Amino acid sequence: MKKPDFFALRFRDNQLEFIDQTKLPFEVEYVLTDDIERIAGAIERLEIRGAPAIGIAAAFAMALSQKKETSSEFFASSLVRLQRTRPTAVNLFWALDEMRGVFNSLNPGIDAYPVLLSKAQQILQGDVESCDAIAANGLEVFLKPSNVLTHCNTGALALGGGGTALYVIKKAYEAGLVKHVYVDETRPLLQGSRLTAFELDYYGIPFSVITDSMAAFIMKTVGIDLVITGADRIVANGDSANKIGTYNLAIASSYHNVPFYIAAPWTTIDTNSQTGDDIVIEERKQSELFTVRGNDISIPTYPARNPSFDVTPSNLIAGIITDRGLYRYPYTFV
Ligand code: MRU
């Protein structure tokens, strides 16, 4: 089994290096930058994407805010700029809060850059370790060699470590517990057919891409043993926001008696929010529905809606696999 020789992001030569995910799977292109605006734009355009990855990128951006300029004003304005990139994934706000806490604890006159950099490295390392724990804890949900269905991309491209749902699937495959992976293409930005397919192809795991609307049919005709997705924010009662289409998948799973699991690090859990109604759902440009790689597939100005996430109610979730163990409904996170 090949280890990924690609990575979502890392820090080198005092700059953030990230793979431009908008170019995948056709081009594997890395960007090296120490520019906060470039990083914020990359998060908005989904060059860097996946809840944990955007948190890590934002943490390094906050460290970089003190590399050339050393003012607290620039720290504060960079923080606000990054907070405004994407509203739904709590990992972004968690990472920014961590960086702010460190910055505020420093005595005046101290060079903040190395201290903030070491905190960002610690956040990255924590993510690597939590991915390993999630993958180990997730094996428990495989009762036999299984057909698995997943949505969006939750592999090494979405995190600093090996992944969440896709990493569970990868480890289960290595343990002989995965027969075939069905990959929702994930409209409109195709994280499934571009990114998850890229990773599964690279790892040599057998898979088929399906359109999001085929999932119920595949459950009925082929037989899916379990569904595993990631999450962008899990609130106190277990309601979970994830890529648009996840809620449909959970409903189809319930109808067909397929256990529906979520895999996510502890940093995705937001116990300050009580139910899914408290989650802000990102609404993106309508034209994303009509344009693929710069080519129009319909009239880009047609009226449309483009919510980027939906919320799956906790009673549809058979279990939440975290780095601290497998949680079952009704959910309490302590
Ligand atoms: O819009 P994206 O591509 O950032 O959405 C990503 C997802 O919805 C993932 O499932 C989620 O962030 C978990 S990644 C481990």
*Any chance you could count how many residues in the stretch 28-45 are open to solvent by 10 Å² or more (accessible area, probe 1.4 Å) and within 16 Å of the chain's Cα centre (by Cα)?*
2
_Search result, residues across the stretch 125-136 that are touching a Gly at 6+ places or on another chain (Cβ under 6 Å) and surrounded by fewer than 21 Cβ atoms within 10 Å (Cβ to Cβ)_ = V128
*asked:* Just to verify a result, which residue in the stretch 58-77, among those that are of a type in the set (A, V, I, L, M, F, W, C) and over 17 Å from Q122 (Cα atoms), is least open to solvent (accessible area, probe 1.4 Å)?
replied: F75
*Criterion: open to solvent by 10 Å² or more (accessible area, probe 1.4 Å), in the same structural domain as T150 (by TED's automatic domain parsing) and away from the ligand (no atom under 13 Å from the Cβ) - qualifying residue of I205, I244, I218, I269*: I218
_So L149 passes all but one of these: (1) open to solvent by 10 Å² or more (accessible area, probe 1.4 Å); (2) of a type in the set (A, V, I, L, M, F, W, C); (3) in contact (Cβ under 8 Å) with a residue 24 or more places away in the chain. Which condition number does it fail?_
(1)
*What residue, among those in the stretch 95-130 that are part of a helix (DSSP H, G or I) and of a type in the set (D, E), is farthest from I56 (Cα to Cα)?*
E129
*Looking at I123, is it on the phi < 0 side of the Ramachandran plot and either within 16 Å of the ligand (Cβ to nearest atom) or not assigned by TED's automatic domain parsing to the domain that holds E27 (or both)?*
yes
_Here's a check for you: in the stretch 158-178, which residue that is of a type outside the set (V, I, T) and within 9 Å of the ligand (Cβ to nearest atom) is most open to solvent (accessible area, probe 1.4 Å)?_
Y167
*From A263, A241, A197, residue being touching a Lys or Arg at 6+ places or on another chain (Cβ under 6 Å) and among the small types (G, A, S)*: A241
*Could you please find all residues in the stretch 106-124 being over 19 Å from F18 (Cβ atoms) and hydrophobic (A, V, I, L, M, F, W, C)?*
L106, I110, A112, V115
*Which of the residues spanning the stretch 272-290 are loosely packed, with under 15 Cβ neighbours inside 10 Å, of a type outside the set (A, V, I, L, M, F, W, C) and in a loop (DSSP other than H, G, I, E, B)?*
N272, Q274, T275, K285
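The values are calculated or read from the model by the stated rules, or taken from the named source; none is laboratory data. All values derive from a computational prediction rather than experimental measurement. No Cβ is skipped: glycine too gets one built from the backbone with ideal geometry, and neighbour counts run over all protein chains shown. What goes into the accessible areas is simple: the full protein's heavy atoms, side chains included, and nothing from ligands, DNA or RNA. Shrake-Rupley method; radii C 1.70, N 1.55, O 1.52, S 1.80 Å.
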